[in-house]
Amino acid sequence: MLINTEDSRGRARQNLPRFVFDYIEGAADDGHCLRRNLSDLAAVELTPRVLRDTTAVDTSVEVFGRKWALPFGIAPTGLNGLVRPRGDSLLAIAAARTGIPFALSTASNMRLEDVRSASPDGVQWMQLYVMHRDMAGQIVERAARAGYQALVLTVDVPVSGNREPDLRNGFRVPFKPSVKLAWDVMTHPTWSLRMLPGGAPDFANLTAAGGDAGSANAQAALLARAMDRSLVWETLAWLRGLWKGPLLLKGVLHPDDARLALDHGVDGLIVSNHGGRQNDASPSAISALPRVVTAINGRIPVFMDGGIRRGGDIAKALALGATAAFVGRPALYGLATDGAEGAQAVINLLAAELLRTMTLLGATSVSALPGALEGGGDQFT
Ligand code: FNR
């Protein structure tokens, strides 16, 4: 029975080979940042207001002119095809069915056009890693043509984080067979049988099948997570020239960077430490959020991700000034448990928890949530 997202995590652990589960769970170095994401969220207090009419509670939110049924979306995660074949489109379908957005990773295992056409009515954002600028430019143009509604440039991966379980498991892309990996796969026959028809997933956005010149270079760079480290604030003008829709930066934690983003005409920020997978000394996303929100002062929407495991966590992020939150791992737990239905079950769980929390708080709309910060939201300032 699925009572909470932790149950879904337990199912994912059973269903997936160890190397895949460890890749999802992966945190940098000693996992301090990952744990801070969780413990700082746990420490936020929301104070209920009583004797308010809560017969109707509205969880919807409007973002860039589109209505989301719920104030959260699915964060971009690479290699979703390792969890389930066509995992990217299964997540996009689950998101569209529940009225929330889905962000597709550059490191997806399906072509962005195919994910878009699998759920043409859903809100879909494209996440961008820049390994080579010509290749990134092609992805941006393809995303615009396919109807992605926002572009999310991830800025916290100048180099890959140090995730030691992947090293210990011998997990790397492209896959190199080993006795250890073979044993891991053989002892998870359900996963292996599902994988058989498609074989090992590749970075479909970057392969020759994507119709891109120079793709071998970009593919190799993504495999090595070798980003273009010469990317700076001024480079955003180049992206602006290619992308006319909303442009967001993901991975901003410092309020001065938030101000620079405003100066450079960015349309939205995602306060994030990449789920604790990059710099282990980073502050938790929830603790960094209020300082960024203050710096932005309502001029552009500010989102957050990192550590959301309950609907109540979403309420906390919104209370501290986020327009909406994103979830990474919990969506993958759902996907591993039961494909699109499993992801949908996780979304529905989070939605039910959020609704209950808002009702308990006497908050009938998401805009009322900051009122639940009795201390004025200064826990982290
Ligand atoms: C990620 N994340 C990520 N972010 C991104 O911008 N591009 C990517 O390709 C990936 N890939 C990725 C893979 C996996 C397995 C995970 C768990 C995460 C980070 C992701 O978008 C998000 O910031 C975090 O997952 C949020 O933290 P939680 O919700 O997982 O705690």
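The values are calculated or read from the model by the stated rules, or taken from the named source; none is laboratory data. If you're wondering where the values come from, they're calculated on a predicted model, not measured in any experiment. Positions of Cβ are backbone-derived with ideal geometry, glycine not excepted, and every protein chain shown enters the neighbour counts.
Being within 14 Å of the ligand (Cβ to nearest atom) and in contact with a helix residue (DSSP H, G or I) (Cβ under 6 Å, 6 or more places away or on another chain) narrows it down to one residue among Leu249, Leu260, Leu242; which is it?
Of Leu249, Leu260, Leu242, the one residue that is within 14 Å of the ligand (Cβ to nearest atom) and in contact with a helix residue (DSSP H, G or I) (Cβ under 6 Å, 6 or more places away or on another chain) is Leu249.
Got a sec? Which of Val44, Val20, Val57, Val50 is at pLDDT 95 or above, β-branched (Val, Ile, Thr) and under 14 Å from Leu332 (Cβ atoms)? If you could, list the steps in order and put the result at the bottom.
Details: Val44 fails: under 14 Å from Leu332 (Cβ atoms); Val57 fails: under 14 Å from Leu332 (Cβ atoms); Val50 fails: under 14 Å from Leu332 (Cβ atoms).
Among Val44, Val20, Val57, Val50, only Val20 is at pLDDT 95 or above, β-branched (Val, Ile, Thr) and under 14 Å from Leu332 (Cβ atoms).
So, of the residues in the stretch 70-112 that are over 28 Å from Ala27 (Cα atoms) and in contact (Cβ under 8 Å) with a residue 60 or more places away in the chain, which turns out to be surrounded by the fewest Cβ atoms within 10 Å (Cβ to Cβ)?
Checking each candidate, the answer is Arg97.
Scan the stretch 312-346 residue by residue and report those that are within 18 Å of Arg86 (Cα to Cα) and under 15 Å from the mean Cα position of the chain (by Cα).
Correct list: Gly328, Arg329, Pro330, Ala331, Leu332, Tyr333, Gly334, Leu335, Ala343.
From the set of residues in the stretch 20-49 that are hydrophobic (A, V, I, L, M, F, W, C) and more than 21 Å from the chain's Cα centre (by Cα), which is surrounded by the most Cβ atoms within 10 Å (Cβ to Cβ)?
If we filter the stretch 20-49 for residues that are hydrophobic (A, V, I, L, M, F, W, C), which is where we start, we get 20-21, 24, 27-28, 33-34, 38, 41-44, 46.
Next, from what is left, pick out any that are more than 21 Å from the chain's Cα centre (by Cα): 43-44, 46.
Working: Ala43: 13, Val44: 21, Leu46: 19.
Here the answer is Val44.
I need the helices (runs of 4 or more DSSP H) fully contained in the stretch 121-214, keeping only those with at least 3 residues that are modelled with pLDDT of 95 or more.
Here the list reads 133-146.
Enumerate the pairs (first residue in the stretch 353-373 and on the phi > 0 side of the Ramachandran plot; second residue anywhere and surrounded by fewer than 19 Cβ atoms within 10 Å (Cβ to Cβ)) with beta-carbon separation below 8 Å, excluding pairs fewer than 6 apart on the same chain, so at least 6 apart or on different chains.
Final answer for the pair search is Gly362/Pro48; Gly362/Arg49; Gly362/Val50; Gly362/Leu51; Gly362/Arg52; Gly362/Thr54; Gly362/Ala368.
Given (1) within 15 Å of the ligand (Cβ to nearest atom); (2) without any contact (Cβ under 8 Å) to a residue 24 or more places away in the chain, where does Gly199 come up short, assuming only one miss?
Evaluating Gly199 over (1) within 15 Å of the ligand (Cβ to nearest atom); (2) without any contact (Cβ under 8 Å) to a residue 24 or more places away in the chain leaves (1) as the failure.
Asp257 versus (1) under 18 Å from Ser39 (Cα atoms); (2) assigned to a helix (DSSP H, G or I); (3) among the acidic types (Asp, Glu): which is the lone unmet condition?
Of everything listed in (1) under 18 Å from Ser39 (Cα atoms); (2) assigned to a helix (DSSP H, G or I); (3) among the acidic types (Asp, Glu), Asp257 misses just condition (1).
So which of Ala319, Ala343 ends up being closer than 25 Å to Ser89 by Cβ, small (Gly, Ala, Ser) and in contact (Cβ under 8 Å) with a residue 40 or more places away in the chain?
Ala343
Take the residues of the stretch 92-107 that are within 20 Å of Phe64 (Cβ to Cβ) and assigned to a helix (DSSP H, G or I): which is farthest from the ligand (Cβ to nearest atom)?
Looking at the filtered set, the residue picked out is Ala96.
Cβ-Cβ distance below 9 Å, separation of 6 or more or different chains: which pairs start in the stretch 166-181 with a residue that is closer than 9 Å to Phe19 by Cβ and of a type in the set (Asp, Glu) and end on one that is outside any helix (DSSP H, G or I) and at pLDDT below 85?
Filtered contacts from the stretch 166-181: Asp166/Arg172.
Checking Arg13 against (1) within 16 Å of the ligand (Cβ to nearest atom); (2) under 25 Å from Ala95 (Cβ atoms); (3) in contact (Cβ under 8 Å) with a residue 24 or more places away in the chain, which single condition isn't satisfied?
Every condition holds for Arg13 apart from (3).
Suppose we filter the stretch 145-175 for residues that are closer than 16 Å to Asp29 by Cα and either hydroxyl-bearing (Ser, Thr, Tyr) or touching a strand residue (DSSP E or B) at 6+ places or on another chain (Cβ under 6 Å) (or both); how many remain?
2
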